[in-house]
Ligand code: UD1
Ligand code: UDP
């Protein structure tokens, strides 16, 4: 019997910490041969290459170099570039992760050509179709033959959408596999200390959701809340390129750069970001992954969104949803600084072994 051929796809920042443990677990089995396709959705070194070096991911076997564009342009370019790769390599399964445009584009190409698709991080739903990621999640799950779920809410969501239970496996969270593996190396970097920050005495912020940063109204609120937080404690804000571009477009970059207590920087590598997150008094974010990572670390997290596709981080974890309102965010932050932030616990199966469970499902199927 030949090896099981698994073609893994990654394209944007949050994909790399999800494929890293999968590639490692697959490499551990002589029965599996895995390859990595990088779509090139993200291409700046600090949104892509840094994760290969920080996480020890082998270089991609194939790079599609698609770059940025509108949703239709980017999705179409990925599909066009991915189709010949698939036809040439003929894997047994295409393995996609998360909810970005690369995820849905490669799933659609594979399903149309009758290749089987496995979706890691299936079943998450914000029930908000104004989010591009929600469209990507719904479609990817409908196209998938194997669905790996990170938290229990995913099981109910997929059942409701008619996905047969035999295709669905609750395996835990591959992003947490990466965190658990690299936490001690991240701590050893002492990034807060290197930046002159005292532990538990600063706030870490990341914001890049179009609903928060694409319009002037949202940006002004972001600015006001960061300025207010900066009066209270140091705020480290690694700025996503989408956010930076919008701030510059609206002439707000200079004002934010001048805000007292706010330190702007380029997007950080995984280990530096984790080192900061681990020592932060609070994290303010709209990231999907950061909600989960703070829950695992037990660090209070204020998520500036009306909903989350990761409800377990609110039900069991340290996450709180807060409207994009400077006054409300200020109040919640104050509560956290008084030591009254959420405590929380780690969700079931977020134990560092999700990728191994996924590998074992593949081995059982074949
Ligand atoms: C994408 C994902 C989002 C994810 C985020 C993680 C989709 C629809 N969105 O959003 O779910 O949370 O990645 O970070 O897939 N840019 C650069 N350099 C890069 C990449 C992008 O400068 O390496 C700039 C470009 O101006 C680009 C903009 O950022 O137009 C947005 O990039 P894009 O990949 O379209 O969406 P993200 O906002 O990054
Ligand atoms: N992250 C990082 N550097 C940063 C900001 C985030 O390494 O400057 C990591 C973070 O720890 C998490 C992932 O990037 O592992 C989350 O990606 P992102 O917020 O871009 O996407 P989302 O999860 O919202 O789709």
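Nothing in this text is a laboratory measurement; each read-out follows from the coordinates by a stated rule. It should be emphasised that the depicted structure is a prediction, and the values quoted were computed from it without experimental measurement. Positions of Cβ are backbone-derived with ideal geometry, glycine not excepted, and every protein chain shown enters the neighbour counts.
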* Asked: If you line up the Cα atoms of the chain on their principal axes, what length do they span on each, largest first, in Å?
  -> 64, 40, 40
* Report, in cubic angstrom per residue, the convex hull volume of the C-alpha atoms of the stretch 45-167. => 128
* To do: May I ask you to sort 78, 135 by Cβ crowding, counting other Cβ atoms within 10 Å and putting the fewest first?
  => 135, 78
* Asked: Given 10 Å bins starting at zero, what is the percent of C-alpha pairs of the stretch 132-232 in each, up to the one with the largest pair distance?
  -> 11, 24, 24, 28, 11, 0
* To do: Could you please state, rounded to a whole Å, how far the C-alpha centre of the stretch 1-63 is from the C-alpha centre of the stretch 338-364?
  => 20
* To do: Compute the convex hull volume of the Cα atoms of the stretch 63-110, divide it by the residue count, and report the result per residue in Å³ as a whole number.
  => 70
* Let me know the Rg and Dmax you get for the stretch 164-204 when you use only its Cα atoms, in Å. => 17.0, 53
* Treating the Cα atoms of the stretch 1-110 as identical point scatterers in vacuum, please give the log10 of the normalised Debye intensity I(q)/I(0) at q = 0.18 Å⁻¹, two decimals. => -0.83
* Within the stretch 229-245, which residues have the backbone N less than 17 Å from the label spot 7 Å out from residue 53 along Cα→beta-carbon, could you tell me? => none
* What FRET efficiency comes out for the pair residue 214/residue 46, r = Cβ-Cβ distance, R0 = 25 Å, nearest 0.05? -> 0.70
* Considering the stretch 280-350, what Rg and Dmax in Å follow from its alpha-carbon atoms? -> 11.1, 36
* Structure fact -> Subtracting the Cα-Cα distance of residue 315 and residue 166 from 0.36 nm times their residue separation yields 51.0 nm
* Structure fact -> Footprinting proxy, 263, 305: sorted fewest to most Cβ within 10 Å, the residues are 263, 305
* Sticking with the crude label model, points 7 Å out along Cα→Cβ, report the distance from residue 338 to residue 5 in nm, one decimal please. => 6.2
* To do: Hey, for a label at residue 258 modelled as a point 7 Å past Cα toward Cβ, could you say which residues of the stretch 205-233 have their backbone N under 15 Å away?
  => 224, 227
* Asked: Going by alpha carbons, how many degrees (0 to 90, nearest 10) lie between the helix axis of 270-279 and the longest principal axis of the chain?
  -> 50
* Over the stretch 41-149, what is the mean sequence separation of C-alpha contacts under 8 Å (at least six apart), divided by residue count, expressed as relative contact order in percent? -> 21
* Asked: Most exposed first by the Cβ proxy, i.e. fewest other Cβ within 10 Å, how do 57, 358 rank?
  -> 57, 358
* For the chain: relative contact order, % (alpha-carbon pairs under 8 angstrom, 6 or more apart) -> 16
* Asked: So for the pair residue 250, residue 90, with labels modelled 7 Å out along Cα→Cβ, what separation do we get in nm?
  -> 5.3
* Asked: Tell me, what are the semi-axes, in whole angstrom and largest first, of the equivalent ellipsoid of the stretch 167-287 as set by the roots of 5 times the Cα gyration tensor eigenvalues?
  -> 27, 20, 12
* To do: Could you state the angle between the C-alpha long axis of helix 132-143 and the longest principal axis of the C-alpha atoms of the chain, as a value from 0 to 90 degrees rounded to the nearest 10?
  => 20
* **Relative contact order of the stretch 1-85, pairs being alpha-carbon contacts under 8 Å that are 6 or more residues apart, as %** => 29
